[in-house]
Structures are given as structure tokens and as C-alpha cells.
Amino acid sequence: MRIDVKRGLLIELVLVLVLSIATPIIALWKVFPHVGYIYQRDSYPYFYLDSRQSAILSLGFPAIMDNVWMPIVVMLYFNLISPVIADCVSYFLYPFALSIPSMYFASRYFLNRYAKETKNEVRIGVSAVIAFLYAITPTAYYYSHWSDYAAFYALLPALIAGAFYAFEKGEFLGALLLSVFASLTTTDPRGFVYTLFIIFSVLIYRHKLSDLKVFLYSISLYLLLNSRLFIILFYNFHSYSSISFSISNQQLWLNYLTFPLLDSLRGLSLFRPLVSYLSFGNPFLIYVMSFAFVETGILGYIFLKKKGSVANYFLAIYVFLVLLVSSNVNILGYSFTLNLTYPLLNFLAQTFVYNYLWIFLPTYLTEMIIAPLFLLVSLVMAKILLSKHYLIPLVILIVLSQFAFSSSMVISGNYLGEYNPVNPTPLLLSLAQFLENHTIGNVVVSAVVPANWSTFIGVLPNVTSVPLLNTSNIGIILNDFGVQYVVTSVNDNYTLSIINSHRDVFSLVYNNSYFLVFRNNDFTYNIYSPIYVNFEYPEVPLTNRSLNVIPSYLMFEIPPRYIGGYVGNVTYAELLALSSYKQGIYPVELNLKHLPYPTNFTNTINVNVYDEEILSEFPDISFISVSNTSSLNLNVKSGLYKVILIYISIPGGGVFGISNGSYSLSVSTSSPNISVEFSYLGNILVSNNSTKLFFNGDSLSYLLAVMFIPYNMTTLHEFNGDSISSYPSPQLGRSFGYAYNDADVVYFSIIINLVTLLIFIILFVSLKHDRTYFRKINLKIFRHK
């Protein structure tokens, strides 16, 4: 009997292993024969890094959170695999391969517990089919864009089953298991929050005091297993907090992005347009078939045993998540609005929680919707196969219908053309390696290259965008932007003509028969000078010596003491703004609300054509947007003022203005070109805090700042500023202060990871040798007298 059990277990393990290998090959069959880097959406791998460099790159936040990715990082660090293999394999592992054992054993566990009456072969077959279909859903394909989201999606069934199993085991073993399962799905900040959500939901469903005890035990073990994360967060929390604010500014609108109920039921949301129903046959028929599992789960639940069944949990959590991300539902021709999260979001967006709202994006709740549905369907299918054999064709129809839903992605073989492995040519690779080994400054690439090389050009070390001006001071101008090297090609006659006309400035340092690299002889790593404002940005002013220069829209980010004047031409409004800022007059602080859409004055970013173009053309810019007629009270002391408005002109822009109740000043922001404008509106008398900023129009418009300058303040024409050091930075050309050396942080991360690994080994060995003294750790609240 024991031999039969072991043989059966071995057969199951082989089945899962074979399915785990076959499924990703089926899902990405066009990608499988090719090894190469995949450039898509948010993934632009640095093809020139060696294995250890790629591993170290993964030790930053939030990548370091992804416990499932760490084994690959370890293999990279010890040069066991190459970066190109790691990049390509990750698309097969997350979620396609990992989903198989996760969903299989989760389904198997619940079938063993709640469908004992079904034959073992049925439980195995149902679990295998459910696992395969779960691995190839449209949701799985969409989240495969990001390894952390994909890993969470893949391991979520294991977390659900693992939480139930851990609570049943109880004591130290249960606490350890719970901490391990929770650590696996802590793939990123959102994974951490969603993991807690699942565990809390299981706690509420089971509502046992012993489960709470296990959970409290597991917290310390979880903290130990993930010690590297929490230590690194403590070590550099301010930096991550700033990143959080920036992300929330750009993604608040996503919190309000909800979808029709029929889409949410199938786990579709932001990627709905990517799902094609044209793979074969009638598109409408495929659409109808896509609801097969939804109907099976919900209708099949009616025939399941309810009392004490985990099906209650699956249906409850599924319905809860679906309603949470849904916008509306149509019933008998009437449309009912849902948007259940809106009231809570409206409140939280105006509190300190705003900085971290990006972690709770409802949009990404869709990666949790499918798992409980599939686990519920596995129970239903087992029930169907138990009852009547003549219902087998119904099960086959359900399975084929769900496969049809995923068919367009499977048939494409590369996720509808999203994934196409490419490899750099030896010419590109040798160029990148030279730059990686020799560059301390920025690099400008001005070359004629084949179109399929452009992706690789964009990720070369320290690449920045600066125009090459054919002037006598070209080297100095490039140095102002931190440019050390200029890369061109042997067939780029225009760039070569500029370089050849300034032979004293450029020296050839690299030639691989196609690419030429010239060193800027005027390059200096540091520039020590006051900071000068360029009001003509993006035009490059001519200077006869290297200076620290910033675009005008960043002027208010620099303490006035460091500003030494301006370069290039200046208007009266620009000079007035600069002069008053040097004398301590700051822009008026506006009482803005965090809004998902610019219905009123807001500093959040709504993704649209103009937002994207502005952010691209003016790096690091912070703007206030508005699209409807609105007004805002200003807190300005009584007096006579000169008014300066700083805005971004765009085609069809509206009108910004200032009013004191009886008199108003205004300016139109409409212009054929997108540019930063300083406008002197005139003089206005302020009394009794009655001043308002207003906007008239119904088109998107952008404001940068409002300045009230005392009428009798002198306008400066000569400026003095304290000098400050700057160093090359690809995004803005140069950054101020001191260059950030992350060597210590890297070694710190390595040490912390080794400590975490040691902790895991100690816990495993302790459990293996039944060191039960850990169980003696207890909380007084649970001691029985």
C-alpha cells in the first residue's frame, strides 16, 4: 500500500514537472526557439552588463522584494547563467511555469479536503486541467510583462491553499509555513499588501482564535525571512518615500480606473483591448465562450455542499474583488454605477496616505480575481464528474470554451507580437562594453544605424540627448551637459563634418569599423560655479566657459543663494521673476487637491498626449493642470503687486488669470508650440484676502507658478551666487551636490541577502530536527490557566 502511495506521488510529481515545462513552451512557442533580450513596455534590459553586474542591478528596491526572483539573482551573481538567458527564461517562468505547480497543488489540496468522494484520478485530472488553463489566461499573459506581478499571479493559488494548510497545522510549523508562503508572494510593495489581504480574508473566514495565534507567531518569522527588505527600507526610507510621492502623482488616476462588471468577472481590466476574439470562428461565439468558467463557478456553486465548504470562501472573495474593480452593471436595460472605492479614495487622496496610494491600485486587484474562481470551478468540475458520466461532454465543453478565451494569445505564440527576442550585433556589444568600461560622463549618440538597432542604442551607458551645435564653443556647451563622449557612425557625414571642423575639441578614442567614439577634450567631471538659468530651454545658449545651467522651469527648485544669473536672452517678465526670487519672493503656495482628473487645479498627472510630451521635453518638470472653468483662493497679504504667471503654452490652451473681486488680469495659454512661458500680467491691488486664481476654458491647460512681487521692489540686473559642484547625470545633463556612490549600498544589500539566507537555513534545519523549543515562545494573551 505504501509503495502504491509513493508510486502515485511520483507519477503526480512527474506530471506536474512535464506540465510545468510544456505549458510555457505552448504559451510562447514562437519565442521558445530563440534566445535573446526582450524589449517591451517597461523592460529595457542592459544588454552589455555581465552576469554579476546584472545581479547587483536586481538588489535595489523594489526588485529586492521579489523572493522568487532571488534564485536567478544568485545564479547570475555566481555566473551560472548569462543575463540574456535570465531575461528570456523569466518570461517562461513568470507566470506560465510557476502557475502549474501553484494551481495544481492548491486545487489538489482543496479537492482532497472537500471532494474526498471523487476518485483520485479525477482529482488529478481536474487539477492538471485547471492548472494549465490558469497558466494561459489573458490575465496571465498581461501580467507577464512584469516578473513581480507575474510571480504574484502564479503563486496566489499556493498562498490561498498554503494559508488554509498552515492554519490547520497550527503552532510553530503552521507559523513557519505561513511565513514562507507569504514570503513567496511578497514580490513587490503591491504583492506585500495583497498577501496580507488574502491572509486576513482567510482569518476572517475561519474566525478561529488558534488561527490568530498562528498568524501572530508568523509575523516574527516573516520579518526574519524578509529582513533584508525591512533593513534596507529603514536604511534609506527617505529616498523610497520620495519615490512613492512621485509614483502616486503619476498613477492616482489609475486608482479611479474601473471597468464594466462583465469584464471584471473574467479578470479583464486595463488590458481589455489587448484581448482578441478573432482567433478562429465567430468572434461573438468566442466572446460568449469566454464566460464559461464564470458561469460554471457561480451556477455550479448552487449544487455544491455549502456547510463547511471552502467554496463559500472562494465565491465570497471572488464576488468581493469583482465588485471592487467594477464601474457599472447593466440590468434589464438599466445601468447601475458601482465605483465602490471612489468615496474612500476621495478621502485618502487628501491625507498622508496619498504618498502610498499607488501600492493599493484597484487596477491590479484583477490579478487576484481569477485564482479563487478557478479553485471554485475545480470543485464544481469534480462534483459534475462524480454525479453522472454522461456529463463528461459538458466538462469538455467548459474546458474548450475557456481555452478558446485564451486562444488568440496561444495561437500568436509571442503574446500577439509583444515578445520578440533580439540580440545585439558584435559591433553594438563592443561599443557598449567600451563605454561601460571608460565612461564617467554622459554620452551623445548621433549616428546613422539600422532601425532594429535603435532599441539597443537607447540603453547604452549614460546616453543623454543634447543637440550638436556647430559653434566654436561646442566642447564647452557639451560639457555643460556633462558630455564626455560623442558616438557616431562612419556613414554619418553630417556629424563627422561637425567633428572634423573642431579637431582640437574631439579626439578619436574608439573605432570598430562602424562606430566611432570621440572624446570631448573640454569635458570635466565637476563644474564648480553658481547656477545660471536658461530661459530659452530647450535651446542651448552659447557660453565661453563651462557653467552650471538649469532650465527656467527648475529655477524654483534651487535655493536663491546659488543662482548667479542667466544665460542667453531674457524677457522683462523672466528678469522680474528671477530678480524677485533672488530677493526672497517665492511663488504663491497653492492649496491644491489630489484629483484623478484635472477637473479643478491639481498637481497630479493624468496620462494624455500633452502630459507625455511635456514630461518628455521638460525632464523633472512639475506642473499644475486644469481642464474646466475653475477658481482657487490665494493667501496673499494686502498690498500692490506686480503679477507674473508661469505656464506651459499648448495648442488650444485656456485662459489663466488673477482677480481681486473688482479687477482681473489674464493671459491665454494657447499657442502652436509647447513651451514654458513667463508672462507679466500687470499690477493688482490686494486687500482682505479676496484674490483668486481662475481658469476659463474647457481644454487641458498647464500652470507652473504664480508670483506676486511687491510693486516697489527693485529689479536686479546683476546677480551674484554661491558656487556649487555638479556632476554628469544622463537625464538632466548635470546634477548638483556630490555624485552618489552606491558601492557601499550594493555590498550592504549582498550582506543582508546572505544573512536572510542563513536565517532561512537555520529555520529549516531547526524544523528538520524537530527543535520544538521554538514552540515555547508564546504570548501571555493566549496562555491557558
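The values are calculated or read from the model by the stated rules, or taken from the named source; none is laboratory data. This one's a predicted model, so the numbers in the text were calculated from it and none came from an experiment. Using ideal geometry, Cβ is built from the backbone for each residue, glycine included, and neighbour counts are taken over all protein chains shown. Ligands, DNA and RNA are excluded from the accessible area calculation, which covers all protein heavy atoms including side chains. Shrake-Rupley method; radii C 1.70, N 1.55, O 1.52, S 1.80 Å.
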Q. Do the conditions hold for Phe167, that is, is it in a helix (DSSP H, G or I), at pLDDT 90 or above and farther than 30 Å from Leu17 by Cα?
A. no
Q: Return yes when Lys692 is modelled with pLDDT under 90, more than 20 Å from Ser552 (Cβ to Cβ) and not assigned by the TED database to the domain that holds Asn534 and no when it is not.
A: no
Q) If we scan region 413-436, do we find a residue that is under 17 Å from Val517 (Cα atoms), of a type in the set (Gly, Ala, Ser) and in contact (Cβ under 8 Å) with a residue 60 or more places away in the chain? A) yes
Q. For region 184-198, which residues satisfy the criterion of being over 20 Å from the mean Cα position of the chain (by Cα) and crowded, with 23+ Cβ neighbours inside 10 Å?
A. none
Q.
Looking at Phe197, Phe132, Phe172, Phe152 in this structure, which one is closer than 27 Å to Tyr114 by Cα and in contact with a Gly (Cβ under 7 Å, 6 or more places away or on another chain)?
A. Phe152
(Q) Please go through region 54-63 and give me each residue that is surrounded by 15 or more Cβ atoms within 10 Å (Cβ to Cβ) and in contact (Cβ under 8 Å) with a residue 24 or more places away in the chain, ordered by number. (A) Ser54, Ile56, Leu59, Phe61, Pro62, Ala63
(Q) Among the residues of region 91-107, what is the count of those that are under 19 Å from Ile369 (Cβ atoms) and at pLDDT 95 or above? (A) 7
Q. Got a number for residues in region 206-221 being modelled with pLDDT of 90 or more, buried (at least 17 other Cβ atoms within 10 Å of the Cβ) and of a type outside the set (Val, Ile, Thr)?
A. 5
(Q) Residue under question is Asp480, and the condition is that it be charged (D, E, K, R), open to solvent by less than 30 Å² (accessible area, probe 1.4 Å) and touching a residue at least 60 places away in the same chain (Cβ under 8 Å); does it hold? (A) yes
(Q) List the helices (runs of 4 or more DSSP H) inside region 96-159, counting only whole elements, that have at least 3 residues being surrounded by fewer than 24 Cβ atoms within 10 Å (Cβ to Cβ) and of a type outside the set (A, V, I, L, M). (A) 98-114, 120-135
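Residues checked against (1) hydroxyl-bearing (Ser, Thr, Tyr); (2) open to solvent by 10 Å² or more (accessible area, probe 1.4 Å):
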{"residue": "Val626", "(1), (2)": "no, no"}
{"residue": "Leu634", "(1), (2)": "no, no"}
{"residue": "Lys637", "(1), (2)": "no, yes"}
{"residue": "Ile644", "(1), (2)": "no, no"}
{"residue": "Gly654", "(1), (2)": "no, no"}
{"residue": "Ser662", "(1), (2)": "yes, yes"}
{"residue": "Val667", "(1), (2)": "no, yes"}
{"residue": "Ser675", "(1), (2)": "yes, yes"}
**Q.** Residues (of a type outside the set (A, V, I, L, M), surrounded by fewer than 16 Cβ atoms within 10 Å (Cβ to Cβ) and outside any helix (DSSP H, G or I)) located in region 1-35
**A.** Trp29, Lys30, Pro33, His34
Q) If you go through region 31-83, how many residues are under 25 Å from Thr439 (Cβ atoms) and among the charged types (D, E, K, R)? A) 3
Q) Are there any pairs with C-beta distances below 8 angstrom linking a residue in region 206-221 that is over 13 Å from Ala163 (Cβ atoms) to a residue that is open to solvent by 70 Å² or more (accessible area, probe 1.4 Å) and acidic (Asp, Glu), with the two at least 6 apart or on different chains, and if so which? A) Tyr217/Glu171
